[in-house]
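Novice: Here it is, the structure, as structure tokens.
Read-outs throughout are calculated quantities, based only on the coordinates presented, and are distinct from any laboratory measurement. On a predicted model such as this, the values are computed, not experimentally measured, just so you know. A quick note on method: Cβ atoms are made from the backbone with ideal geometry, for glycine too, and the neighbour counts reach across all protein chains shown.
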Amino acid sequence: MYRELPSDRYYAACEGSWAAPLTLVVTEPTAVLRAMGLLDGLGLLALAWWPRWLGRVLLHTTVQPLANRQVRHTTTVRWLGLPVVHSNELLSLEADGVRLRMHGTTRMLLMPWRRLPVRGSGQIAADASRATYRLEWMGAEIIQESTRLADTVELSQSGPGYHARESLQREC
């Protein structure tokens, strides 16, 4: 990869595996259901309201820079070690070193035959310290921001009727 461009520096620094407990806060359950539909909305509400005594829900993510100015990104939500939700995206970095396009799919453990598209765009800060994404996930428009620190990535996401904030730690 061309390490002098902001997007290349950002994803090179984020390369590897990351994890954190999932923290979803639902502010308007009806907005979640309207945006995502009944089935997907109920799934998100279940993740948000899952009692800790039944086991923590964890977010695992990987970043792998590839050739041709592309980056493979995965996100897996796990409960008791089982993958409940899995997304696999390909990020295509633009020649300007700042903008990107994203496409991929999301799958649910309980419905492995069903694949939901993930589409979006993003922008990397000129100093390569943060990224902002606008994406369609499970039928809803989501705004996601990530700020890269030493061995932590602060992640925030907001969608219709909910928001999330995680402090992803690098996995060894």
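Novice: Select from 110, 11, 157 the residue farthest towards the positive end of the dipole of the chain; place +1 on Cβ of Lys and Arg, -1 on Cβ of Asp and Glu, and compute about the Cα centre.
Specialist: 110
Novice: With only Lys, Arg, Asp and Glu charged, each at its Cβ (+1 for the first two, -1 for the last two), find how big the charge dipole of the stretch 6-170 is about the Cα centre; round to the nearest 20 debye.
Specialist: On the way: 18 positive and 14 negative charges, 78 e Å.
Magnitude of the dipole: close to 380 debye.
Novice: Using a Gaussian network model on the chain with a 10 Å cutoff between Cα atoms, which of 72, 114, 134 fluctuates the most?
Specialist: Of 72, 114, 134, the Gaussian network model singles out 114 as fluctuating most.
Novice: Take every Cα pair under 8 Å in the chain that's 6+ residues apart, average their separations, divide by the length, and report that relative contact order as a whole percent.
Specialist: Working: 411 pairs, mean separation 40.2, N = 172.
This gives 23 percent for the chain.
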